[in-house]
Amino acid sequence: MDPVTIGYLSCAAVIILLAIRVPIAYAIGGVAVVSIFIIFAWRTGTYMPARAIHTTLSLAFTSSFDLVHNYDLSMIPLFIALGHVAYKAGITTEIYEAARVWLVRIPGGVAIASIAGCGGFSAISGSSIACASTMGRICTPEMLRLNYDPRLATASVAAGGTLGSLIPPSVLFIIYGIFTESSISKLFLAGILPGILSMVGYALVVVLWVRKSPEIAPASTDEVSMHDKIMAAIRSWPAVLLFLMVIGGIYGGFFTATEAAALALLFATGLGVARKLIKVNEIIPMLASTMATTGAIFFIAACAKIFVALIALTGLSNNLVGMLGEANLAPWLFIIMVAVIYLVLGMFLDPIGIMVLTLPLMIPMVESYDMNLIWFGVVIVKLLEIGLITPPVGLNVFVLAGVLEGKVEIGVIFAGLIRFLMMDIVVLALLIGFPIISTLIPTLMR
Amino acid sequence: MNKFLGTALDSIAAVSVVLLCLLIVSNVISRQFLDSGVPDSTLLVKELMIPTILFPLASATANRAHVAIDFFAQYFPARVNFWVAVFSGLVGLLVAAVLLVAGWQELVENFTSGAKYASDFDLPKWPSRAVFVLAIIFFVLRLGQVLWQDLTAAVTGIPAPIPPSNSDF
């Protein structure tokens, strides 16, 4: 059997294993080691298992060890920890509170404030799920208390949570950068405008929805003085400073994204301790509670690296690029095809799984079209974000439903998300049609 | 004992995060004010990444925190899902076993040859390999424990206990 056929069969085996609920890491890792063994065992035409075992072990170790033994990837545990520390240090609540007091009297204002709060949280944490989970605890109960329609109270947070992947820092951008060997700093900067565009789009959805059905978001009777508004804005300074530290530092060339992550984590922890919201002896247990997530993410990535080695061995990517060349597909048609593939995958798979599974095959094809990898990364992350709120497996929806402990049905959240999904498609079309939205800031970078 | 071990491994990972964070910050400060970074800081951060990432694998496994797709499996009969869980564990064990043997070979090779990084302090390569092997051993043990629970569930028809998640992050 030729290696390309083994490559196709391996992909099919992974799909079958994933469909029967084998964890992503096990499925891709297991198929990769077996297939690599088969390729080497029959490489010379005769069965030579001893040599194949040695090569398979060596490839498996090098691929997984090198992925973990990586300076740039230390950003992921740092940014995941930062999200948790920011919540404990009260920074997250302040972001939301600052937006809430300014917008509370506007119909749908608390929903808009929640979206703005999600945007703010996204600017200091790199995970959409963490964003939906944290903001779901803070914003949704408040909206339900104010008699907001549960569809709006939940969907605004579930959709807002997706900003965590697009607004830098972003775990997805980091993984994309590592797998495509693109600049993570440039990817972070590229995500700013699309993130703001998405945020404004979501706010617009709330405005239009509330204008059409005012009963879904009764205006609050809470009196908020100008003094309270100004004080709330001033109190949110740590979030502003953290964002400036991360983005300003990277943009200004003062430090790398990894250094920004470390400085931001140290600052947030120090602030939490100074405010007596975090005790020094609580720091390690607090960070330890975020470690399992980091471990699970990395194990998927490490197994994916072994799978990448398999794809390279089989020559599957070159085969696909050749087929694409023969098909003579126009670039716009290719992008539409990519969007459809990712939207469908997003309905069933988690974003990191999709990314590590598809990038090894996708990137050579993208490069064959001479497309900008930074722009493509933004498009991919936006597509993966959409997957977080599409049924049947919208992770943000399930996380939010879990946080609300059954107070709102999952079906209700999905029903509320329809309008936000339509806006996502509009934003996606803009990002595809106008690459400058993504490439403008990175090109201005020092 | 299990809980203690899980907490201990996660805590070591957390300490590693703190150390790598401090190391990176020290490097920035040193570069800014002393015009030179902390020697070998990049390498040390890489070395700290091994316990940071791999030690929590055991608790991720015990908490069944590895991401899987439930959509199709929810339509399978319960009995089938029990055996799928066993099969998943076996696939996981295959991956873990490969990493363990591969890691062990690397550790022995690096230890006996005295291989060193081309760095300021000529740091040896074997400690990170040793941590890698240790972490994978804990991972294998946890995976074996989960597999045993799933196998028992498949044989008896009584679902395996679902561990409480300790974090949404």
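The values are calculated or read from the model by the stated rules, or taken from the named source; none is laboratory data. Computed from a predicted model, the values in this text were never measured in an experiment. Here the Cβ is made from the backbone with ideal geometry for all residues, glycine too, and neighbour counts use every protein chain on show.
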Total residues in region A:359-398, condition part of a helix (DSSP H, G or I), touching a residue at least 40 places away in the same chain (Cβ under 8 Å) and within 14 Å of chain B (Cβ to nearest Cβ): 5
Residues to consider are A:SER368, A:SER289; find the one that is over 30 Å from B:LEU19 (Cα atoms) and modelled with pLDDT under 90. A:SER368
The helices (runs of 4 or more DSSP H) lying wholly within region A:42-151 that contain at least 1 residues that are out of contact with any Lys or Arg (no Cβ under 8 Å at 6 or more places or on another chain) and within 30 Å of A:ALA25 (Cα to Cα) are A:49-68, A:75-88, A:109-122, A:128-145
Verdict on A:LEU310 being in a helix (DSSP H, G or I) and touching a Cys at 6+ places or on another chain (Cβ under 7 Å): no
For B:VAL84, are the conditions met, namely being over 21 Å from the mean Cα position of the chain (by Cα), within 7 Å of chain A (Cβ to nearest Cβ), hydrophobic (A, V, I, L, M, F, W, C) and in a helix (DSSP H, G or I)? yes
Among the residues listed as B:PHE87, B:PHE76, B:PHE72, the single one being modelled with pLDDT of 90 or more and farther than 26 Å from A:THR258 by Cα: B:PHE87
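How many residues are more than 7 Å from chain A (Cβ to nearest Cβ) and either modelled with pLDDT of 95 or more or assigned to a helix (DSSP H, G or I) (or both) when one looks only at region B:19-37?
Number satisfying all stated conditions: 11.
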Just one listed residue, out of A:GLU142, A:GLU181, is under 23 Å from A:PRO360 (Cβ atoms) and surrounded by fewer than 24 Cβ atoms within 10 Å (Cβ to Cβ), and it is A:GLU181
A:LEU263: over 19 Å from the mean Cα position of the chain (by Cα), within 14 Å of chain B (Cβ to nearest Cβ), part of a helix (DSSP H, G or I) and within 30 Å of B:LEU5 (Cβ to Cβ), yes or no? no
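When you check A:ILE167 against the structure, is it surrounded by fewer than 24 Cβ atoms within 10 Å (Cβ to Cβ), under 23 Å from A:ASP350 (Cβ atoms) and β-branched (Val, Ile, Thr), yes or no? If you could, list the steps in order and put the result at the bottom.
Working: surrounded by fewer than 24 Cβ atoms within 10 Å (Cβ to Cβ): no; under 23 Å from A:ASP350 (Cβ atoms): yes; β-branched (Val, Ile, Thr): yes.
The answer is no for A:ILE167.
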Hey, among the residues in region B:1-17 that are more than 7 Å from chain A (Cβ to nearest Cβ) and not polar (S, T, N, Q), which one's nearest to the chain's Cα centre (by Cα)? B:LEU9
Return yes or no: is A:TYR87 touching a Ser or Thr at 6+ places or on another chain (Cβ under 9 Å), of a type outside the set (Val, Ile, Thr), within 10 Å of another protein chain (Cβ to nearest Cβ) and surrounded by 19 or more Cβ atoms within 10 Å (Cβ to Cβ)? yes
Considering only region A:115-151, state which residues are in contact with a Pro (Cβ under 7 Å, 6 or more places away or on another chain) and within 20 Å of A:ARG105 (Cβ to Cβ). A:LEU144, A:LEU146, A:ASN147
Hey, A:VAL246 hits all of (1) among the aliphatic types (A, V, I, L, M); (2) surrounded by 19 or more Cβ atoms within 10 Å (Cβ to Cβ); (3) not in a helix (DSSP H, G or I) but one; which does it fall short on? (3)
If a residue has to be surrounded by 23 or more Cβ atoms within 10 Å (Cβ to Cβ) and more than 8 Å from chain B (Cβ to nearest Cβ) to count, how many in region A:15-34 make the cut? 3
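For region A:24-37, does any single residue satisfy the condition of being over 18 Å from B:LEU99 (Cα atoms) and either touching a residue at least 12 places away in the same chain (Cβ under 8 Å) or touching a strand residue (DSSP E or B) at 6+ places or on another chain (Cβ under 7 Å) (or both)?
no
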Residue among A:ALA292, A:ALA330, A:ALA312, A:ALA288 that alone is surrounded by fewer than 19 Cβ atoms within 10 Å (Cβ to Cβ) and without any contact (Cβ under 8 Å) to a residue 40 or more places away in the chain: A:ALA330
Considering only region A:35-54, I want to know if a residue exists there that is within 14 Å of chain B (Cβ to nearest Cβ), touching a Pro at 6+ places or on another chain (Cβ under 6 Å) and not polar (S, T, N, Q). no
Please give the number of the condition A:GLU405 fails out of (1) assigned to a helix (DSSP H, G or I); (2) free of Cβ contacts under 8 Å to residues at least 12 places away in the same chain. (1)
Anything in region B:87-108 that is among the small types (Gly, Ala, Ser) and within 7 Å of chain A (Cβ to nearest Cβ)? List them, or say none. B:SER88, B:GLY92, B:ALA102, B:GLY103
Check on A:ILE234, closer than 22 Å to B:SER30 by Cβ and away from every other protein chain (no Cβ under 11 Å): no
Are any residues in region B:12-46 in contact with an Asp or Glu (Cβ under 7 Å, 6 or more places away or on another chain) and touching a residue at least 12 places away in the same chain (Cβ under 8 Å), and if so, which ones? B:ILE24, B:PRO39, B:ASP40
Could you pull out the residue among A:GLY353, A:GLY377, A:GLY402, A:GLY406 that is under 30 Å from A:GLY295 (Cα atoms), out of contact with any Leu (no Cβ under 6 Å at 6 or more places or on another chain) and crowded, with 21+ Cβ neighbours inside 10 Å? A:GLY353
Across region A:107-145, what is the total count of residues that are of a type in the set (A, V, I, L, M) and over 23 Å from A:LEU383 (Cα atoms)? 6
Can you tell me which residue among A:ALA52, A:ALA130, A:ALA81 is crowded, with 23+ Cβ neighbours inside 10 Å, among the aliphatic types (A, V, I, L, M) and modelled with pLDDT of 85 or more? A:ALA81
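Considering only residues that are at the interface with another protein chain (Cβ under 7 Å from one of its Cβ atoms), of a type outside the set (D, E, K, R) and not in a helix (DSSP H, G or I), which ones fall in region B:38-77?
Passing the criteria: B:ASN63, B:ALA65, B:HIS66, B:VAL67, B:ALA68, B:ILE69, B:PHE71, B:PHE72.
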Assuming A:ILE115 fulfils every condition listed in (1) closer than 20 Å to A:SER133 by Cβ; (2) at the interface with chain B (Cβ under 9 Å from one of its Cβ atoms); (3) at pLDDT 90 or above apart from one, which condition is it? (2)
Only one of these is within 14 Å of another protein chain (Cβ to nearest Cβ) and without any contact (Cβ under 8 Å) to a residue 12 or more places away in the chain: A:VAL340, A:VAL356, A:VAL344. Name it. A:VAL344
Hey, does region B:145-166 have a residue that's in a helix (DSSP H, G or I), within 23 Å of the chain's Cα centre (by Cα) and surrounded by fewer than 17 Cβ atoms within 10 Å (Cβ to Cβ)? yes
